[in-house]
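Visitor: One structure follows; several queries about it will come next.
Derivation of every value follows stated rules applied to the coordinates shown; laboratory data play no part. If you're wondering where the values come from, they're calculated on a predicted model, not measured in any experiment. A quick note on method: Cβ atoms are made from the backbone with ideal geometry, for glycine too, and the neighbour counts reach across all protein chains shown.
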Amino acid sequence: MIADVFNRLKYMDRRGSGFKKILSAYKTLPNYTEGKKPVFTSEYDCFFLTMWNMNYGVVADVEVGNGDSQEKAKEKAQEKTKENRNAIQDRILKLIKENPQITIAKISESLAITNDSARYHVKKMKKNGLIEHCGSTKRGYWKIK
């Protein structure tokens with residue numbers, strides 16, 4: 001009775017129509033065989049649907065968003081990450097120029113990033129020879145090379 005009301009209010013499809021939709025959608029998948037057909041089982045108070053992973057063993061160049069392949073999308077994401085990293089490092093250099101005694105905590109606060117992220121970027125910059133820390137941890141200062 002409640003299902004009929006929800007159906008009339010367009011809150012749900014007809015009872016039982018979902019099973020047909022699942023089966024017909026599954027049959028269109030490239031790796032489908034009758035052995036991988038979804039299995040419906042029911043008990044007194046619930047039902048179960050067992051669906052096989054149809055992506056297993058399928059190698060495909062999947063389209064992403066605007067028609068790019070996964071590989072191109074991955075390359076774009078890596079470029080964007082690199083640009084963001086460079087932007088953060090540029091901002092860190094600016095902060096060091098303004099205040100050579102700046103701490104990691106102040107850098108992270110100024111850039112609205114975590115302490116770990118600030119520490120990561122500073123470590124990368126030290127490794128790449130952009131900056132060095134002179135003096136003790138508490139009384140030292142940053143030197144731009």
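Visitor: List the pairs from 106/138; 72/126; 94/145; 76/127; 76/123; 106/126 whose alpha-carbon separation is above 20 Å, in the order I gave them. Could you put the intermediate results ahead of the total?
Guide: Details: 106/138 13 Å; 72/126 31 Å; 94/145 13 Å; 76/127 25 Å; 76/123 25 Å; 106/126 18 Å.
Flagged as over cut-off: 72/126; 76/127; 76/123.
Visitor: Here is a follow-up. If I take R0 = 25 Å and measure r between the Cβ atoms of residue 20 and residue 73 in this structure, what FRET efficiency does the formula 1/(1 + (r/R0)^6) give, to the nearest 0.05? Write out the running numbers ahead of the final one.
Guide: Working: r = 34 Å, r/R0 = 1.37.
Once rounded, the FRET efficiency stands at 0.15.
Visitor: In terms of Cα to Cα distance under 21 Å, which lysines are near enough to residue 74, apart from those fewer than 8 places away along the same chain?
Guide: Those lysines meeting the cut-off are 82.
Visitor: Once the convex hull of the C-alpha atoms of the range 78-145 is built, how many Å³ does it hold per residue, rounded to a whole number? Display every interim value, and only then the final one.
Guide: Values: hull volume 5.6 nm³, N = 68.
Roughly 82 Å³ of hull volume per residue.
Visitor: Where does each of 134, 46 land when they are ranked from fewest to most other beta-carbon atoms within 10 angstrom? Numbers along the way, then the final one.
Guide: Numbers: 134 10, 46 7.
Fewest-to-most Cβ neighbours within 10 Å comes out as 46, 134.
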